[in-house]
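Please treat every number below as a calculation from the coordinates, not as lab data. Being a predicted model, the structure only gives us computed values, none of them experimental. Please note: Cβ atoms are built from the backbone with ideal geometry, for glycine as well, and neighbour counts cover all protein chains shown.
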Amino acid sequence: MTTDQMKKIGYLRIFASYYKPHWKLFLLDMVCALCICLVDLAFPVVSRYSMQNLLPQQLFGAFFAVMALLGGAYVLKGVFYYIVTYWGHLLGVRMEADIRRDLFSHMQDLSFSFYDKNRTGQLMSRVTGDLFEITELAHHGPEDLFISSVTILGAFFIMLTIQWRLALVVFAVIPIFIVFTSLTRKKMMRASTEVKAKLAGINGEVESSISGMRTAKAFANEQAESDKFNAANDQFRGAKRGYYKTMAFYQSGMEFFMGILSVLVIAFGGFLIMQGRMDFIDLTTFALYVTTFITPIRKLSAFVEQFMQGMAGFKRFVELMRVEPDIQDAPDARDLGTVKGDILVDDVTFRYESSPEPVLEHVTLHVHPGETVAVVGPSGGGKSTLCQLIPRFYDVTEGRILVDGQDVRTLKQQSLRGQIGIVQQDVFLFAGTIYDNIRYGRPDATEAEIVAAAKRAEIYDDIMDMPNGFQTQVGERGVMLSGGQKQRVSIARIFLKNPPILILDEATSALDSVTEARIQGAFDELARGRTTLIIAHRLSTIRSAHRIIVIDGCGIAEEGTHEELMAKGGEYARLYETQKHVAV
């Protein structure tokens, strides 16, 4: 279901749509639930018949045959319960898997700006905790509602045939139950939604604290982290207290109605016996049906709680699914095709949503196929932002960016990004082996190609010195490797991908000078014949670039070769001389 479809239809209809692929399993669950209802409804009426007809007439053989049939019916009821419990839960799990698949797929479509504004822990809460309660609702919800409805209506019909006056007294409780439930439902929903929001906040704090545990220890700030967590935990506890207060009010009210129902049956039934309109066998049968009647009402009571929790989680799921990606393919978007590598940044202005001030303003830059262009300047000047606009991680505010004469907004994102290799300043490695992380650059690569990429990235010898070689686990975010090793693994991924356009965003920032010098030759080889953009602070690494662009905070301040810019004596020359003096 698309984001637009999610916006046009209601929550219950969206929820029901997830049953469609599993309708056979759902039908099996409902049929077995119906059989369970019929067995429960049959017992009192068969018992009444036996006591009123078979025993007084001394038809003992028929009596024991009927009892044997009832015993067989309860054996079947056990089988039906097994099916409902096992296959019903599998139905819920399959629906949960479908919902999680759709959610993860949608999250992959969301733009960088979405992840700039949302914390990982809060998103994890939606993908895990919320969906578990949706699973329970998906399985137990329709089943409990169906069993309860059939049992209540069936019991009421049979009670009417026994003594309609007493049946009406019993059924008069139902409207009270409905009104009471309706009055408390909205309050319970609000309380449940608040609990989930607070739980997501706790997950966000936990994720942040665990990820930054080394930093917290380095600054001896464990107490500050505990204080932040405790504050979020107290908010969650307060929300839970409010939810349980509402739930306690609902449950206590339900217990009162259920208890008073039994009192009403005995009191009014005794009155009818006094008047000769009812006998003790009918009252006993009625009492059995009241028990049958109360059980589904209790189930409905539990269903209301489950519905509130499950739908609160489902609403959070739908809210996320209704978020439109900022960056979307145009309806007529096309593949990039064969890439020459011509890049034109045409009068581009860009500002982030959170800031009114532009990061880049009226920037124009033409990078010719096969040309290597270095982008330098002070931190925060917009160097990385400029390079993130080319693969369309963000859309320009004004102007346009062309690749081989085609506006990137008219191209399919996957096609565009598939032709661009990026080594980012903040290296991310997936938990797994070094082999898997290098192969991420091209999943269908052979082992020989992966080894060759490692050698070209100057990481092969380090890998061979590790106990498990390429099968060495890198740990969470590559924590088992040094900064330089992580950077070189990410560089090996780009060697393996072998793209026609390269963006090196501080690609050697974590390398020592000796390793940087060794790998510089490999970069020069990789850049040969390809369009390459290099973002660098170490100006000594970009002297061989065809052109150097100096960005000063809004746009291009200087442009030229190393020699030309040094001769000008401007910003680049000052940066270069400063670094040279620092190095000395």
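Table for the structure above
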quantity: With at most 13 neighbouring Cβ atoms within 10 Å, loop chymotrypsin sites (Phe, Trp or Tyr not before Pro) (DSSP) excluded, longest segment of the chain; calculated: 1-218
quantity: Phi to ³J(HN,Hα) by Karplus 6.51 cos²θ - 1.76 cosθ + 1.60 over the stretch 34-41, Hz, x for Gly, Pro; calculated: 5, 4, 4, 4, 5, 5, 5, 6
quantity: Modelled FRET efficiency - R0 22 Å, D4 with A333, Cβ distances, 0.05 increments; calculated: 0.85
quantity: Sequence-distant residues sharing a close amide H with L411 (under 5 Å, placed H); calculated: R334
quantity: Relative contact order (%) - criterion: Cα under 8 Å, at least six apart; region: the chain; calculated: 14 percent
quantity: The stretch 404-449 and the stretch 300-342: distance between their alpha carbon centers, rounded to Å; calculated: 24 Å
quantity: Per-residue Cβ neighbour rank within 10 angstrom, fewest leading, V179, V375; calculated: V179, V375
quantity: Helical contribution to [θ] at 222 nm, DSSP H n ≥ 4, -39,500 (n - 2.57), averaged over the chain, rounded to 500; calculated: -21500 deg cm²/dmol
quantity: For M308, M254, M30, order by how many other beta-carbon atoms lie within 10 Å, fewest first; calculated: M30, M254, M308
quantity: In sequence order, calculated HN-Hα J values of the stretch 344-358 (Karplus, 6.51, -1.76, 1.60; Hz; x Gly/Pro); calculated: 10, 9, 10, 6, 8, 10, 9, 9, 6, 4, 7, 9, x, 7, x
quantity: Where labels lie 7 Å past Cα in the beta-carbon direction, separation of V79 and A557 in nm; calculated: 8.4 nm
quantity: Total formal charge among the other residues, if their Cβ is under 12 angstrom from that of D4, Lys/Arg +1 and Asp/Glu -1; calculated: +2
quantity: Those aspartates and glutamates that a straight Cα-Cα span of less than 16 Å connects to K187, excepting residues fewer than 8 apart in one chain; calculated: E305
quantity: Residue-by-residue Karplus 3J(HN,Hα) for the stretch 87-100, coefficients 6.51, -1.76, 1.60, Hz, glycine and proline x; calculated: 6, x, 5, 4, 4, x, 5, 5, 5, 4, 4, 5, 5, 5
quantity: Interchain or long-range residues, amide H under 5 Å from V359's placed H; calculated: F350, R351, Y352
quantity: Proxy reagent accessibility, fewest Cβ within 10 Å first, across H139, H362; calculated: H362, H139
quantity: Links that overshoot a 30 Å alpha carbon limit, given the list K7/K117; K117/K240; K8/K412; K117/K412; calculated: none
quantity: Dipole magnitude (debye, nearest 20) for the chain, charges at Cβ of Lys, Arg, Asp, Glu; calculated: 2220 debye
quantity: Among T184, A16, V451 - extreme Cα towards positive end, dipole of the chain, charges at beta-carbon; calculated: T184
quantity: Shape category assigned to the chain from the gyration tensor of Cα positions, a/c cut at 1.5; calculated: prolate
quantity: Long-range amide H partners of I548 with built H, under 5 Å; calculated: A374, G560, T561
